[in-house]
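Peer 1: Just dropping this structure here.
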Amino acid sequence: MSELTSNELIRLSAAALAAKLRAGEVTSVEVTQAHLDRIAAVDGQVNAFLHVNAEEALAVAAEVDAIRAAGGAAAEELHELAGVPIAVKDLIVTIGQPTTAGSKILEGWHSPYDATVIKKLRAAKMPILGKTNLDEFAMGSSTEHSAYGPTRNPWDLERIPGGSGGGSAAAVAAFEAPLALGTDTGGSIRQPGAVTGTVGVKPTYGAVSRYGAIAMASSLDQIGPVSRTVLDSALLQEVIGGHDPFDSTSLTDSFDNLVEAARTGNVQGMKIGIIKELHGEGYQAGVENRFNESLELLKEAGAEIVEVSCPNLKYALGAYYLIMPSEVSSNLAKFDGVRFGLRVLPKEGPMTIERVMAATRAAGFGDEVKRRIILGTYALSAGYYDAYYGSAQKVRTLIQRDFDAAFAQADVLISPTAPTTAFKLGEKLDDPLAMYLNDVATIPANMAGIPGLSLPGGLADEDGLPVGIQLLAPAREDARLYRVGAVLEALLEEKWGGPLLAQAPSLVEPVETLVETHGGSK
Ligand code: GLN
């Protein structure tokens, strides 16, 4: 039996849990059960999970415990994270659990195969706690576009947890899971990380296989880690990364230097570039203050701060909202009422395939998904293709060149992750353009295929909510993010007197108080 209570266990990092498991101080069944209990206690308020996979998670945990107890070669060969539980964004397909993509159109659908990242989690024997909520097909910045109700921010249940991966970020922030998987097409790992005070990483495009991640915009999508510490994200990226012949865009690089980089963080003599276009006007004052403080800390730690300019970033959002919907319109064509999930028959008239398809898509897709399919279909239509899609692709090249030039002057680049802290539920739901603006600082990395990491930079003065700091590195240089991120994280923890999440008002209260204070619905 562990010396720690379940409330203490759930607050440990994945690295700390892994160490305790290896030392035999705690069993995986205890750790997994503690998280399942936490989910049962708080998820009625948070709504981070769409499906809880208790039975299978506990079975995997018991298997790890049995192997450890038996000792010998099999115990030696266990993966470092064996027995550490994880939550998975419900855009990633899994055998034995439903996969909805947050959409009615996939309600009740079960994948006949596992995504490559899921195979890797299983090989590492990490118990999968369940599937997390998201904006429908990963389209949104608040998780309010889920067909299964919004996820709430554990810092303040009346606020959004970011999106599209609000479920994964909220689960980790609310101590329902030590780790989670997300997907990031324009910021869906990093922006939820920023507004929930967690760490999120979008790896280099191709560093983690996309096989089995339901495609939103294939040239931008990337699976990545969600955690409470920089080291934990490095540990998880090493589990899920690596070449995959099932993904034609998968890189052959090994990316096996990430944990080492996180453990030996150092910024001595490094050049860190402030991107002129990604802060200042349009950014909340408290965000800007925390950003400036981080720069000071890095300078004191021996980094040289330089300013770089990427003038074409001002076109990134516009180009993204042509390229992304174009790819969406093509990728979502397969949800036709024949092959997957929902099938709705027309109420009257002939029962043709086109009419079944139309009735199914009308009933199965939500407004935001329809908006993007229409936008993308228009942008790709004959006569407009060159003017819209073609031009956007040219802008993409200009953005890549801007980054190439910036990385000639700096080893990593830095910016706030999002222009504001978490906004109120409903605040931007009727204003798509205001919602899209949340991603101004995250989208450029997807457009260029470069890696980005968001870590908590402290609390904003005006509202006491978490602020995210984003680090960007050249493609394939993911290790640099972890090297710099680990240093900044340690300096910030010193400044804030410990991990930021320990200061979240609702999270440190006992569960009973959380329920009483916020009511909530599920
Ligand atoms: N919020 C962005 C969008 O709505 C990014 C989504 C994502 O990264 N999946 O497109």
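Peer 1: Which entries of K347/K370; K125/K495; K119/K394; K202/K428; K131/K334 show an alpha-carbon separation above 27 angstrom in the structure shown?
Peer 2: Details: K347/K370 21 Å; K125/K495 36 Å; K119/K394 37 Å; K202/K428 25 Å; K131/K334 22 Å.
The answer is K125/K495; K119/K394.
Peer 1: Out of the total accessible area of segment 122-255 (probe 1.4 Å, heavy atoms of protein only), what percent is carbon and sulfur?
Peer 2: Values: 1190 of 2210 Å².
Carbon and sulfur together cover 54 percent of it.
Peer 1: Could you check the simple spin-label distance between Y378 and D256, using points 7 Å along Cα→Cβ, in nm with one decimal?
Peer 2: Rounded to a tenth, the inter-label distance reads 5.0 nm.
Peer 1: Mind listing the phi-derived Karplus ³J(HN,Hα) values for segment 221-228, rounded to whole Hz, using 6.51, -1.76 and 1.60 with θ = phi - 60°, and x for any glycine or proline?
Peer 2: Using θ = phi - 60°, the values come out as 4, 7, 7, x, x, 10, 7, 9 Hz.
Peer 1: Below 13 angstrom from the Cβ of D461, what's the summed charge of the other residues (Lys, Arg +1; Asp, Glu -1)? Could you put the intermediate results ahead of the total?
Peer 2: Values: positive: R290; negative: E288, E293, E462, D463.
Combined, the nearby Lys, Arg, Asp and Glu give -3.
Peer 1: Shifting gears a bit: Applying the Karplus parametrisation 6.51 cos²θ - 1.76 cosθ + 1.60 with θ = phi - 60° to the phi angles of segment 127-134, what ³J(HN,Hα) value in whole Hz is obtained for each residue in order, glycine and proline being reported as x?
Peer 2: For segment 127-134, the Karplus-derived couplings read x, 8, 6, x, 10, 9, 5, 7 Hz, x marking Gly and Pro.
Peer 1: Take peptides 109-117, 343-351 and line them up by average Cβ neighbours within 10 Å, highest first, as a rough protection proxy.
Peer 2: On the way: 109-117: 18.1, 343-351: 10.8.
Listed from highest to lowest mean packing, they are 109-117, 343-351.
Peer 1: Sum up the charges of everything whose Cβ sits under 12 Å from the Cβ of K20, counting Lys and Arg as +1 and Asp and Glu as -1, but leave K20 out. It would help to have the intermediate numbers written out before the result.
Peer 2: Values: positive: R22, R68; negative: E3, E8, E25, E30.
With Lys, Arg at +1 and Asp, Glu at -1, the net is -2.
Peer 1: Taking K and R as +1 and D and E as -1, what net charge do the other residues with C-beta under 12 Å from the C-beta of H35 add up to?
Peer 2: -2
Peer 1: Taking the solvent-accessible surface of protein heavy atoms with a 1.4 Å probe, what is the per residue accessible area of segment 313-435 in Å²? Intermediate values should be presented prior to the final figure.
Peer 2: Working: 6180 Å² over 123 residues.
Per-residue accessible area for segment 313-435 comes out at 50 Å².
Peer 1: Right, next: Once you have the Kirkwood Rh of segment 421-500 from its Cα pairs, apply Stokes-Einstein at 4 °C and 1.567 mPa s and quote D in µm²/s.
Peer 2: Once the numbers are plugged in, D ends up at 90 µm²/s.
Peer 1: Would you pull out the residues with amide H under 5 Å of T132's amide H, same chain only if 5 or more places away, H placed 1.01 Å from N?
Peer 2: Amide H neighbours of T132: L50, V88, K89, D90.
Peer 1: So for each of 160-168, 442-450 I average, over its residues, the number of other beta carbons within 10 Å; can you give me the resulting order with the highest mean first? Provide the component values of the computation, followed by the final result.
Peer 2: Details: 160-168: 35.6, 442-450: 27.4.
Those peptides, ordered most packed to least, come out 160-168, 442-450.
Peer 1: Then there is this: Rg and Dmax in Å for the chain, alpha carbons only: what are they?
Peer 2: In order Rg, Dmax, the Cα atoms of the chain give 21.8, 73 Å.
Peer 1: Separate question: Show me 363-371, 67-75 ranked by packing, highest mean number of other Cβ atoms within 10 Å first. Each step should come with its number before you reach the end.
Peer 2: Numbers: 363-371: 18.0, 67-75: 11.9.
My ranking of the peptides, most packed first, is 363-371, 67-75.
Peer 1: Please give the per residue accessible area of segment 64-115, computed with a probe of 1.4 Å over protein heavy atoms only, in Å².
Peer 2: Working: 1840 Å² over 52 residues.
Heavy-atom SASA per residue in segment 64-115 reads 35 Å².
Peer 1: Rounded to the nearest 500, what is the chain's calculated 222 nm mean residue ellipticity when only DSSP H runs of at least 4 contribute -39500 (n - 2.57) each, over all residues? Spell out each step's value before the answer.
Peer 2: Numbers: 20 runs with 212 residues, N = 522.
Using -39500 (n - 2.57) per qualifying helix, the result is -12000 deg cm²/dmol.
Peer 1: Next up: Rounded to the nearest percent, how much of the accessible area of segment 359-419 (1.4 Å probe, protein heavy atoms only) is carbon and sulfur?
Peer 2: Looking at segment 359-419 in its full context, I get 57 percent from C and S.
Peer 1: Still on this model: Taking 0.36 nm per residue of separation and subtracting the Cα-Cα distance, what length does fully extending D461 through E348 add?
Peer 2: Numbers: separation 113, 0.36 × 113 = 40.68 nm, distance 5.86 nm.
The D461-E348 span can extend by a further 34.8 nm.
The values are calculated or read from the model by the stated rules, or taken from the named source; none is laboratory data. Note that this is a predicted model, so its numbers are computed, not measured. Here the Cβ is made from the backbone with ideal geometry for all residues, glycine too, and neighbour counts use every protein chain on show. Note: areas computed on protein heavy atoms with side chains; ligands, DNA, RNA excluded. Shrake-Rupley method; radii C 1.70, N 1.55, O 1.52, S 1.80 Å.
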